[in-house]
Amino acid sequence: MRFKWLVLGLSALVVLLVLSGYALYPKPPLDELALAREKLALADKQKASVYAKSSWTKAKMFYDSAMNSWSAENERLFFLRTYNESRDFANKSIEYAEMAAQEAKAGSKKLTNSFANRLKNIGRQLTLFDDSYKRLPMSKRQLSLLASSRLKHQELTNALAKGNTGKMEQKLKVLESSVGELVVYAKNTLEEFSREVPTWKKWVNSAIENSRRTGSALVVVNKYDRELKIYSRGKLLSTYSVELGANWIGDKQRSGDKTTPEGHYKVLKRKANGQTKYYKAFLLDYPNEEDKKRFKQNKAEGIIPQSASIGNLIEIHGDGGKGIDWTDGCIALENSDMDKIWKLVPENTPVLIVGALNMPKTGN
């Protein structure tokens, strides 16, 4: 009987020891792991994998290590288990996940600001084409590139406002390249064009002085400003808006280039209605001897083809007011303005055509 009670007593003791061991053995870091998962989810929502890659990678690595360590401990006898390493890894994961979320938030804001600044700069460059560059002749490709760039700039601006920055970097690079190409063309064209401004100023000053001295009329056409000015006895009488050849910039080289010539000319003939296909016209003496000399030299140097002709019939005429440069090289005014200058410009009146009298602005 005593043996039976001894066995029962020992069994009870063993059960008590087992229960005590379970009560006392280390608990897995369930709370820490749950918090780590929560912090990782928040960091992922902030796109930490994009904006905080290093901290995000460490946070995930420590979480995986915590899970692996926990799994390894569970393979051991309960009284030999310890979860200190797993808990440490979980806490490290929490730390780096919080860091990744903060870095991602700051990085996202920084990148968004960078995108916004780049779009703003592109917008400024496009605005130049509504100011300094809008009058420059451009090829069909350049006009298409400008139109598509304006559209793409608006699309990216709208996307950024909505937070849709996917592939924004790639799209911005393409847009910057397109607009940059246009701006370089415009700046180089205007800079080359502007080199002659000092010469053109001398021409105009001399012509006005000659008008004052001789008491004659004078017509001055400023191509860049699209202005025709009438002088008498060296004094400015009136100013009118004009439209030019579609490819107006630079001097006329040959027939068909749609460029308005530059130089000293005179009115050869006044053409009233019925004598011209336009509403009244002043026929100029293009090509003059200087034009013929330059034309011959350009052919010799291969600047223009040997088959080219020099062209003629450059006029100041009516039917203007279209709002664009459209002529084959002539200078067009509105009909009402032609009526006004008709009374002021007799045959043999000097006509001076210059590119510009002020340095065109090329922006920054």
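Given the criteria open to solvent by less than 30 Å² (accessible area, probe 1.4 Å) and assigned to a loop (DSSP other than H, G, I, E, B), does G321 qualify?
The answer is no for G321.
Taking the residues in region 78-116 that are among the β-branched types (V, I, T) and assigned to a helix (DSSP H, G or I) as candidates, determine which candidate is modelled with the highest pLDDT.
Going through the qualifying residues, I end up with I94.
Among E181, E191, E209, which is the only one that is out of contact with any Asp or Glu (no Cβ under 8 Å at 6 or more places or on another chain), assigned to a helix (DSSP H, G or I) and modelled with pLDDT of 95 or more? Walk me through it before giving the result.
Working: E181 fails: modelled with pLDDT of 95 or more; E191 fails: modelled with pLDDT of 95 or more.
After applying the criteria, what remains is E209.
Counting only residues that are assigned to a helix (DSSP H, G or I) and surrounded by 12 or more Cβ atoms within 10 Å (Cβ to Cβ), how many does region 156-170 have? Show your work before the answer.
Let us first name the residues in region 156-170 that are assigned to a helix (DSSP H, G or I), namely 156-161, 168-170.
From what's left, surrounded by 12 or more Cβ atoms within 10 Å (Cβ to Cβ): 156-157, 159-160, 168-169.
Here the count works out to 6.
Mind listing whichever residues of region 44-82 are open to solvent by less than 50 Å² (accessible area, probe 1.4 Å), farther than 13 Å from M99 by Cβ and among the aromatic types (F, W, Y)?
Answer for region 44-82, where residues must be open to solvent by less than 50 Å² (accessible area, probe 1.4 Å), farther than 13 Å from M99 by Cβ and among the aromatic types (F, W, Y): Y63, F78.
Tell me which residues, restricted to region 140-155, are under 10 Å from F129 (Cβ atoms) and small (G, A, S).
Hit for region 140-155 is S149, nothing else.
From the set of residues in region 234-251 that are within 25 Å of M138 (Cα to Cα) and part of a loop (DSSP other than H, G, I, E, B), which is most open to solvent (accessible area, probe 1.4 Å)?
Step by step, filter region 234-251, then rank; the result is N247.
How about region 119-154: which of its residues are more than 16 Å from L190 (Cβ to Cβ), surrounded by 11 or more Cβ atoms within 10 Å (Cβ to Cβ) and over 13 Å from the mean Cα position of the chain (by Cα)?
L143, S144
Here are K252, K229, K202, K235: which of them is within 23 Å of G318 (Cβ to Cβ), basic (K, R) and modelled with pLDDT of 95 or more?
Exactly one residue qualifies, and that residue is K229.
Just checking, which of P261, P305, P350 is within 38 Å of the chain's Cα centre (by Cα) and open to solvent by 20 Å² or more (accessible area, probe 1.4 Å)? Give the steps one after another, and end with the answer.
On the way: P261 fails: open to solvent by 20 Å² or more (accessible area, probe 1.4 Å); P350 fails: within 38 Å of the chain's Cα centre (by Cα).
Of P261, P305, P350, the one residue that is within 38 Å of the chain's Cα centre (by Cα) and open to solvent by 20 Å² or more (accessible area, probe 1.4 Å) is P305.
The values are calculated or read from the model by the stated rules, or taken from the named source; none is laboratory data. Owing to the predicted nature of the structure, the values given are computational and were not obtained by experimental measurement. Positions of Cβ are backbone-derived with ideal geometry, glycine not excepted, and every protein chain shown enters the neighbour counts. Remember, those area values only see protein heavy atoms, side chains included, never the ligands or the DNA or RNA. Shrake-Rupley method; radii C 1.70, N 1.55, O 1.52, S 1.80 Å.
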